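Chemist: So that we are looking at the same thing, I have put the structure below in structure tokens.
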Amino acid sequence: MDWRKEFGRGLKDGMPICLGYIPVAFTFGFIAVSGGLPVWAAFLISLTNLTSAGQFAGTNLILLGAGYVEIGLTTFVINIRYMLMSLSLTQKIEEAMGTLKRMLFGFAVTDEIFVVASLKPGTLRAVYLFGLIFPPIAGWNLGTVLGACISSVLPAALQNAMGIALYGMFIALIVPAARDSIHVLVIILIAVSVNCMLKYIPVFSFISSGFRIILSTIAGAGCGAALFPKDDTEYVTSEAEWCEK
Amino acid sequence: MDMKRIIICIFIMALVTYIPRVVPLTVFRKQIRSRYLRSFLDYTPYAVLGAMTFPDVFTSTGSLYSALAGTAAALVLSYYRKGLVTVACSAIVVVYVVEMIL
């Protein structure tokens, strides 16, 4: 198969993620610089971290003057969920993909890239994955620099409104799937219920937000796998449906 | 602000972000046979995104009301399969308008 076509397909699938990332990264750059970080530091964080929740939390701790261990642990706990995502992706990536390529792609496993990659029918090829990660990486860094540089010009109301951008993207990813499958809907409801319990019941208040997400995910996907185990044929059917779209 | 401290902090953040991403990708290469585990991993994205969105989306803007309006807009548009960017931008516009009115 022609690698350019496959790379181009990756780029095309990565474009919506790129557009979704620009406002979020913009917000990050804005918050980091208005909090007191220099522009280069905000850019360096986005360039080396490429993550939203962990990066926001880590930057907040830097600004609060927290210690290295605290920053490391908090960021790590928020990012543990990537282990589940990477593990899930190993099941779809072509087995022949080399270690160096895996290490390069691994840098860019974000929630959105993971979802787009894991919902793509068939085996994932390295060229497709590199096409897929390129626009989001560019958008994330571009957005950060813009936000960092314009931090003093933007009205506060627009800043507030941009806070919902990332969640809007998440909703757009899960709602169509929940509409098609009652199983997916039940799993989402279980995960959200557990998350709410852990967040609002005072006994659990010692659990950090990152760890809360992990527990909710395990509860939701765990119950789902027990209640609605998938047959191998089911994968085939759903892939066929995807191809028709 | 101390430049050396900032750089060390960023390095630590980058490291603890990269490790959980790359270790499973490079270490586990075999196909998982277990039907339960395969289903579990297949359902993971929906559970993660659901838990990350709710209830945190309600505190993501300047007020609860604008967040509720933005969430409602996102839910309706995504139900009718509008794209990611359309849904996200519409939610931003709705939140912005509601906050102007309030």
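Nothing in this text is a laboratory measurement; each read-out follows from the coordinates by a stated rule. Everything numeric here is computed off the predicted structure, so don't read it as measured data.
Chemist: Angle, helix B:64-79 long axis vs. longest principal axis of chain B, Cα atoms, 0 to 90°, nearest 10?
Modeler: 70 degrees
Chemist: Can you give the calculated 222 nm mean residue ellipticity of the protein assembly as shown, where each DSSP H run of n ≥ 4 adds -39,500 (n - 2.57) and the sum is split over every residue, rounded to the nearest 500 deg cm²/dmol? Intermediate values should be presented prior to the final figure.
Modeler: Working: 17 runs with 271 residues, N = 347.
Taking each H run of at least 4 residues, the total per residue is -26000 deg cm²/dmol.
Chemist: Roughly how many Å is it from the Cα centre of segment A:112-188 to that of segment A:43-79, as a whole number?
Modeler: Centre-to-centre (Cα) distance: 19 Å.
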